[in-house]
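Remarks on the structure that follows.
The values are calculated or read from the model by the stated rules, or taken from the named source; none is laboratory data. Worth saying up front: this structure is predicted, and the values here are computed from it rather than measured. All Cβ positions, glycine included, derive from the backbone under ideal geometry; neighbour counts span all protein chains shown.
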Amino acid sequence: MKLISITGPDGSGKSTQAKLLAASLPGSRIVSVWDVIKRPEFKPERIYLSSPKVEEYVTDLHPFSRSLFIFHAFNEAYVKALASSAKYLIFDGYWYKYWAVEKAMGAPALLEDVLKKQYRTPDYNFYIDLPVGHILKRKKQYSVYETAKAKDKMNAFMKIQTEAGEILRRLMPKNTLRLDGSQMPEVIHHQISHIINAS
């Protein structure tokens, strides 16, 4: 089983690339922090029925509680994915991404060392690099989680993503391949596929 991490700031195109790669890579499974809500195998364990309801709940929590909730969801998705029969696990944002955002939103720094020890370094790490200014031009709406329920959603998003981006770039393993997120999705997909198929 190979682990593939596709990460980058919110709105950079991670989900699009995960879907494109899964469609072209037999035996693959997309893994997301929202699996506990969306994947059928989690149905008996669901506590909410939709992402927006979870986001509303999470953004009301103290930063430490919110981080524990997010990583509870991520860990459940991670454990179930590792126990699956998939040949490739494609992470739509790995722990690096979730931690960067949580840290930018006030989570205690001590959690980072725990997370580093808890999760494997993926076999492939792809970082979709796109400046926040470019993302703002693409964004049509902002989730409550992305903006921490701020009234000025655009500025809140920009502030959180700018800080999270600095944290995320610092966290990236040495084997990370940076991709220009301003390129067409098909071009980025070709670059990712080429690296995986060549190894």
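Is there a residue in the stretch 166-176 that is over 17 Å from the mean Cα position of the chain (by Cα) and either among the acidic types (Asp, Glu) or at negative phi (or both)? Checking the stretch 166-176: at least one residue is over 17 Å from the mean Cα position of the chain (by Cα) and either among the acidic types (Asp, Glu) or at negative phi (or both).
Could you please let me know if Ile90 is hydrophobic (A, V, I, L, M, F, W, C), closer than 20 Å to Gln17 by Cα, in contact (Cβ under 8 Å) with a residue 60 or more places away in the chain and loosely packed, with under 15 Cβ neighbours inside 10 Å? No: the conditions fail for Ile90.
Pairing residues of the stretch 105-122 that are more than 15 Å from Asn75 (Cα to Cα) and surrounded by fewer than 12 Cβ atoms within 10 Å (Cβ to Cβ) with residues that are modelled with pLDDT under 95 and among the aromatic types (Phe, Trp, Tyr), at Cβ distances under 8 Å and at least 6 apart in sequence or on separate chains, gives Pro108/Phe64.
For (1) in contact with a strand residue (DSSP E or B) (Cβ under 9 Å, 6 or more places away or on another chain); (2) over 17 Å from Tyr96 (Cβ atoms), each residue gets a yes or a no:
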| site | (1), (2) |
| --- | --- |
| Met154 | no, yes |
| Phe157 | no, yes |
| Gln161 | no, no |
| Leu168 | yes, no |
| Asp180 | yes, yes |
| His189 | no, yes |
| Ile196 | yes, yes |
| Ser199 | yes, yes |
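Would the stretch 169-177 turn up any residue that is of a type in the set (A, V, I, L, M, F, W, C) and either at pLDDT below 90 or within 12 Å of Asp10 (Cα to Cα) (or both)? No, the conditions are met nowhere in the stretch 169-177.
What number of residues in the stretch 2-33 are in a loop (DSSP other than H, G, I, E, B), touching a strand residue (DSSP E or B) at 6+ places or on another chain (Cβ under 9 Å) and on the phi < 0 side of the Ramachandran plot? Before the answer, list the steps.
Taking the stretch 2-33 first, the residues in a loop (DSSP other than H, G, I, E, B) are 8-13, 25-27, 32-33.
Subsequent filtering for residues that are touching a strand residue (DSSP E or B) at 6+ places or on another chain (Cβ under 9 Å) retains 8-9, 12-13, 25-27, 32-33.
Those still in the list that are on the phi < 0 side of the Ramachandran plot too: 9, 12, 25-26, 32-33.
So the answer is 6.
With the structure loaded, tell me whether Ile188 is among the aliphatic types (A, V, I, L, M) and over 24 Å from Met105 (Cα atoms) or whether it fails that test. For Ile188, the condition - among the aliphatic types (A, V, I, L, M) and over 24 Å from Met105 (Cα atoms) - is met.
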